[in-house]
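Here, each number is a calculation from the coordinates, and none is a lab measurement. Since this is a predicted model, take the numbers as computed values, not measurements. Every residue, glycine as well, gets a Cβ built from its backbone with ideal geometry; the counts of neighbours run over all protein chains shown.
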There are 2 protein chains.
Amino acid sequence: MGVKERRAREKEQLRQQILSAARELFVNEGYENVSMRKIANKIEYSPTTIYLYFADKADLLDSVCKETLLNLLNTLEHLKSDISDPVETLGKSGRAYIEFGLNYPQDYKLTFVIRPQYQKGLGLDEGSVGEKVFDYLREMVSECIQQGIFHQTDVETTSQVMWSAVHGVTLLLIDFPDFPWTEKDKLIDTVIHTTIKGLKA
Amino acid sequence: MGVKERRAREKEQLRQQILSAARELFVNEGYENVSMRKIANKIEYSPTTIYLYFADKADLLDSVCKETLLNLLNTLEHLKSDISDPVETLGKSGRAYIEFGLNYPQDYKLTFVIRPQYQKGLGLDEGSVGEKVFDYLREMVSECIQQGIFHQTDVETTSQVMWSAVHGVTLLLIDFPDFPWTEKDKLIDTVIHTTIKGLKA
DNA sequence: GTGTTATACTTAACAGTGTTAAGTTAAATG
DNA sequence: CATTTAACTTAACACTGTTAAGTATAACAC
């Protein structure tokens with residue numbers, strides 16, 4: 001009875017093929033400039049085949065973004081090691097978040113800007129990968145509060161402030177590359193340190 | 001010789017008509033979901049007429065965004081009155097900026113997110129309205145630094161940090177309306193106060 | 001091994017898109 | 001009144017996302 005399993009494996013393989021073709025095109029040419037036909041051409045299948053694996057173009061985007069969030073989460077999890085200095089860890093996490101966005105600017109925009117436009121149901125639902133990323137942030141912040149380093153006792157608000165700061169600078173740097181920014185690393189560091197300092201007791 | 005002037009006036013009138021029809025549709029239905037034909041229908045002209053007034057759809061978006069930036073600038077200029085307490089003014093300006101974004105979320109996104117995607121030449125060029133908005137921010141910050149309230153002496157970096165914070169929270173609130181945000185006003189205030197506190201000497 | 005069913009995929013089509021080239025109408029000029 | 005010029009429209013091109021119907025092939029039951 002290995003037939004069904006082999007078939008399922010083959011199906012999954014093609015699904016992944018579609019997904020990675022889509023990601024590559026989305027990233028290189030922009031979501032709006034990628035047609036289902038282009039994706040189909042790339043994988044050498046007819047356009048309609050894609051619809052056997054994904055509901056529509058937005059669903060394809062959705063799946064690509066889910067992967068991106070998993071990558072982001074993975075990147076962040078690697079930093080969680082030392083709880084001794086939670087502020088340092090929070091700062092490093094913030095930097096890692098921003099750098100993730102700058103290393104994969106198109107993926108970041110797809111996930112945090114383009115997708116919300118097409119998927120009103122956001123994708124930060126309970127149990128989602130997006131929620132896990134924010135949970136990670138909550139944990140970091142919670143540690144800082146528990147150790148009495150932060151003056152605010154509200155984990156939620158504090159986390160959201162932190163997210164605002166890193167999200168803001170990431171998007172600005174991506175969207176306005178020609179703006180006369182301060183030296184990039186300096187700006188990033190200042191954003192993080194300013195926010196953390198502002199949160200301290 | 002008033003003929004030419006009347007003609008010019010009529011042309012300008014139609015240009016404005018197209019522009020406001022475009023804005024209304026962009027805002028209500030989203031840039032991607034608005035076709036040139038829809039705009040044309042609304043103003044009861046043929047689709048190609050639009051091309052006599054605007055180079056293409058992106059140019060139309062560009063013009064709409066310029067108006068938005070003018071509105072934003074105007075909103076901010078009204079707060080510049082009292083220089084006695086520059087930190088207070090900066091805080092109020094930050095709040096006004098965020099509230100502008102939340103009051104006209106679609107306009108804000110068009111200007112600061114959608115447009116950069118289509119117009120690689122950004123629109124914060126020298127002499128542009130966008131630059132004037134940032135100049136306003138620079139002035140506020142500069143005042144705070146000159147009075148020795150802020151510890152950083154770098155106006156640029158400090159302004160950019162401020163911009164990151166307000167831009168970040170604005171976009172997050174717009175893009176993820178279903179996220180379990182802290183009470184909105186509290187979040188906004190905390191973002192502003194945290195950033196300002198972090199910048200203080 | 002043959003007939004049947006289910007699976008995977010494709011072809012053709014619909015209604016729509018941004019944009020251009022060519023054509024038309026009406027107004028202003030000489 | 002004739003001619004030029006400006007404003008606008010019609011028709012078309014090559015493309016879009018998506019659906020319905022059709023086709024081949026592989027797996028199954030007997």
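With an 8 Å cut-off on Cα pairs and a minimum separation of 6 or more residues, tell me the relative contact order of chain B in percent.
Relative CO of chain B lands at 20 percent.
Given DSSP loops and a limit of at most 15 other Cβ atoms within 10 Å, what is the longest stretch of chain B that contains no such trypsin sites (Lys or Arg not before Pro)?
B:121-201
Just counting partner chain Cβ atoms within 10 Å, what average do the residues of peptide A:113-119 show around their Cβ?
Mean shielding count: 4.
Relative to the present Cα-Cα distance, how much length would full extension add between B:D56 and B:K80 at 0.36 nm per residue of separation?
Taking B:D56 through B:K80 to full extension adds about 4.9 nm, to one decimal.
At 7 angstrom along the Cα-to-beta-carbon line, where would the label on A:D125 sit relative to the other copies? Give the distances in nm, shortest first.
4.5
In a GNM of chain B with a 10 Å cut-off on Cα contacts, which of B:M36, B:M162, B:M140 has the highest mean-square fluctuation?
Judging by the Gaussian network model, the answer is B:M36.
Taking only the alpha-carbon atoms of chain B, what semi-axes of the equivalent ellipsoid follow from 5 times the gyration tensor eigenvalues under a square root, in whole Å, largest first? If you can, show how the numbers build up before the last one.
Working: eigenvalues 269, 84, 36 Å².
The three semi-axes for chain B are 37, 21, 13 Å.
Which distances in nm, rounded to one decimal and ordered from shortest, link the label point of B:R37 to the equivalent label points in the other identical copies, with labels set 7 Å from Cα toward Cβ?
Nearest first, the other copies' label points are 1.7 nm away.
Whole-Hz ³J(HN,Hα) for each residue in segment A:79-91, computed from phi via Karplus 6.51 cos²θ - 1.76 cosθ + 1.60 with θ = phi - 60°, x for glycine and proline: what do you get?
Once rounded to whole Hz, the list reads 9, 6, 3, 8, 8, 4, 10, x, 5, 4, 4, 4, x.
Quickly estimate the mean residue ellipticity at 222 nm for the protein assembly as shown, helices only: each DSSP H run with n ≥ 4 gives -39500 (n - 2.57), and the total goes over all residues, rounded to 500.
Calculated mean residue ellipticity at 222 nm is -23000 deg cm²/dmol.
Given springs between every Cα pair under 10 Å in a Gaussian network model of chain A, which of A:A55, A:A21, A:A40 has the largest fluctuation?
Residue with maximal mean-square fluctuation among A:A55, A:A21, A:A40: A:A55.
Taking the Cα atoms of segment B:1-54 alone, what are Rg (to one decimal) and Dmax (as a whole number) in Å?
12.6, 44
Students often forget the sequence filter, so: which lysines lie under 27 Å Cα-Cα from B:K197 once same-chain residues fewer than 8 apart are removed?
Leaving aside lysines fewer than 8 places away in the same chain, those within reach of B:K197 are A:K92, A:K184, A:K186, A:K197, A:K200, B:K80, B:K92, B:K132, B:K184, B:K186.
Assign one of three labels to segment B:21-82, namely rounded, prolate or oblate, based on the Cα gyration tensor with a ≥ b ≥ c the square roots of its eigenvalues; rounded applies when a/c is under 1.5, prolate when it is not and a/b is larger than b/c, and oblate otherwise.
prolate
Go through segment A:40-85 and name the GluC sites (Glu not before Pro) that are in a DSSP coil and have 14 or fewer other Cβ atoms within 10 Å of their Cβ.
A:E44
In sequence order, what are the phi-derived ³J(HN,Hα) couplings for segment B:104-117 according to the Karplus relation 6.51 cos²θ - 1.76 cosθ + 1.60 with θ = phi - 60°, rounded to whole Hz, with x for glycine and proline?
Running phi through 6.51 cos²θ - 1.76 cosθ + 1.60 with θ = phi - 60° gives 10, x, 5, 4, 4, 5, 4, 6, 9, 10, 6, 4, x, 6 Hz.
Among the GluC sites (Glu not before Pro) within segment A:123-192, which fall in a DSSP loop and have no more than 14 other Cβ atoms within 10 Å of their own Cβ?
A:E126, A:E183
Taking the Cβ of each residue in A:H78, A:H193 as the centre, tally the other Cβ atoms inside 10 Å and list the residues starting with the fewest. Intermediate results must be reported in sequence, preceding the final value.
On the way: A:H78 9, A:H193 14.
Fewest-to-most ranking of A:H78, A:H193: A:H78, A:H193.
Please compute P(r) over all alpha-carbon pairs of the protein assembly as shown, binned at 20 Å starting from zero, and give each bin as a whole-number percent.
24, 52, 21, 2, 0
With θ set to phi - 60°, apply the Karplus curve 6.51 cos²θ - 1.76 cosθ + 1.60 along segment A:166-181 and write out the HN-Hα couplings as whole Hz, x wherever there is a Gly or Pro.
Once θ is set to phi - 60°, the couplings for segment A:166-181 become 5, 4, x, 5, 4, 5, 4, 5, 6, 7, 10, x, 8, 5, x, 5 Hz.
Percent of alpha carbon pairs in segment B:11-122 separated by more than 23 Å?
For segment B:11-122, the fraction of Cα-Cα distances above 23 Å is 37 percent.
Mind checking the mean number of beta-carbon atoms from other chains within 10 Å of the Cβ atoms in A:176-189? Let's see the in-between values first.
Details: counts 6, 3, 7, 8, 5, 3, 8, 2, 0, 0, 4, 5, 2, 1.
Mean number of neighbouring Cβ atoms from other chains: 4.
Using a label point 7 Å beyond Cα on the Cα-Cβ vector, give me the inter-copy distances for A:I149 in nanometres, one decimal, shortest first.
For A:I149, the inter-copy label distances come out at 2.8 nm.
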